[in-house]
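The values are calculated or read from the model by the stated rules, or taken from the named source; none is laboratory data. Just so it is clear, the model here is predicted, and its values are computed rather than measured. For neighbour counting, all protein chains shown are included, and Cβ atoms are generated from backbone atoms with ideal geometry for every residue, glycine included.
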């Protein structure tokens, strides 16, 4: 059976389609007797009003978008194996972008609370620009996580809709930048490794491709300089960005040249490094301390539990959704920034004591 439309209701009730629309979305503008008549006809026809039609009439789509990268694992990695090749049926949970999942959860939660539709999208192909432009045409506002496309596309989008850049260094585009306070969080982590554990040599594991990861490395360099400790000139290992992850870490282990601490670009990398070293017979934190950044849930249940700089990722997604909704489809006219605080979470992977768990805490 064909679904009833606004035209069917208008014809049966003897009113215009505008009157039918106002009956649902602006009832105060419709005479009470007319409103009741329209509702009765709609009930008989089993008519469901279209929120999309309402939004289009207002020049809006009625959805907010979150654009990210692919949510499937990059690679399966057998810990400690010689070739690091993918094996059927084996998936390393650390290759998932888990922090992106938590940002997404915060974004969706905020939209649910506001009664706002959500569109999720991303691309693993070679043309992220095309996919983000396609997505932009379906939403009233767009949040971008880990954007690596061309800047001209962002400049164009920012003139026609509100755009939020997540985990990106603030620039000069007329968008909202929601960034982490890496200077405070990672600075506190380095102070802890040096001041509490006496670390003399600290190396960084991670890629320099992403702007956020580059900033984290530069913060570590700056703080080590201030503390008078040796400063790494480059990451000691690219992590998952390498064709064979953690081979440089393995080479240091075989040469008995591991540093006092490996500070990793994020928690996923740190958890993978811990597992990789375990496969090589190296103990964390006894032989080397390993720390992360982001504060994903998995770090609380790893063995050892992960010392990390925790970023409230759900809150980042929440902020993005609320700010986009507040714009009602209108682009920002100048650059805006929101800096989100990080918090050092001291756990076992740096050598601190296992916390005492009381029955009352469970």
Exercise. State whether the residues of the range 301-316 include one that is within 19 Å of residue 182 (Cα to Cα), over 14 Å from the mean Cα position of the chain (by Cα) and part of a loop (DSSP other than H, G, I, E, B).
Key: yes
Self-check item: Of all residues making up the range 229-240, the number that are in contact with a strand residue (DSSP E or B) (Cβ under 9 Å, 6 or more places away or on another chain), under 27 Å from residue 166 (Cα atoms) and surrounded by 14 or more Cβ atoms within 10 Å (Cβ to Cβ)
Solution: 5
Practice problem: Identify, by number, the condition in (1) closer than 27 Å to residue 229 by Cβ; (2) out of contact with any helix residue (DSSP H, G or I) (no Cβ under 7 Å at 6 or more places or on another chain); (3) at pLDDT below 90 that residue 312 doesn't meet. | Solution: (1)
Quiz item: Would you call residue 273 touching a strand residue (DSSP E or B) at 6+ places or on another chain (Cβ under 7 Å), part of a helix (DSSP H, G or I), crowded, with 24+ Cβ neighbours inside 10 Å and assigned by TED's automatic domain parsing to the domain that holds residue 297?
Solution: yes
Quiz item: Which of the residues belonging to the range 254-269 are surrounded by 24 or more Cβ atoms within 10 Å (Cβ to Cβ) and either within 18 Å of residue 244 (Cβ to Cβ) or over 29 Å from the mean Cα position of the chain (by Cα) (or both)?
Solution: 262, 264, 265, 268, 269
Exercise. Please give the strands (runs of 3 or more DSSP E) falling wholly within the range 157-222 in which 3 or more residues are farther than 16 Å from residue 99 by Cβ.
Key: 202-205
Exercise. Of the numbered conditions (1) modelled with pLDDT of 95 or more; (2) within 19 Å of residue 215 (Cβ to Cβ); (3) surrounded by fewer than 17 Cβ atoms within 10 Å (Cβ to Cβ), residue 287 fails exactly one; give the number of that condition.
Key: (2)
Quiz item: What are the residues in the range 241-253 that are surrounded by fewer than 20 Cβ atoms within 10 Å (Cβ to Cβ) and part of a helix (DSSP H, G or I), if any?
Solution: 241, 247, 248, 251, 252, 253
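Per-residue answers, yes or no, for (1) under 30 Å from residue 330 (Cα atoms); (2) in contact with a helix residue (DSSP H, G or I) (Cβ under 6 Å, 6 or more places away or on another chain):
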residue	(1), (2)
167	yes, yes
186	no, yes
195	no, no
198	no, no
Exercise. Go through the residues of the range 214-228 one by one and say whether even a single one is surrounded by 16 or more Cβ atoms within 10 Å (Cβ to Cβ) and in contact (Cβ under 8 Å) with a residue 60 or more places away in the chain.
Key: yes
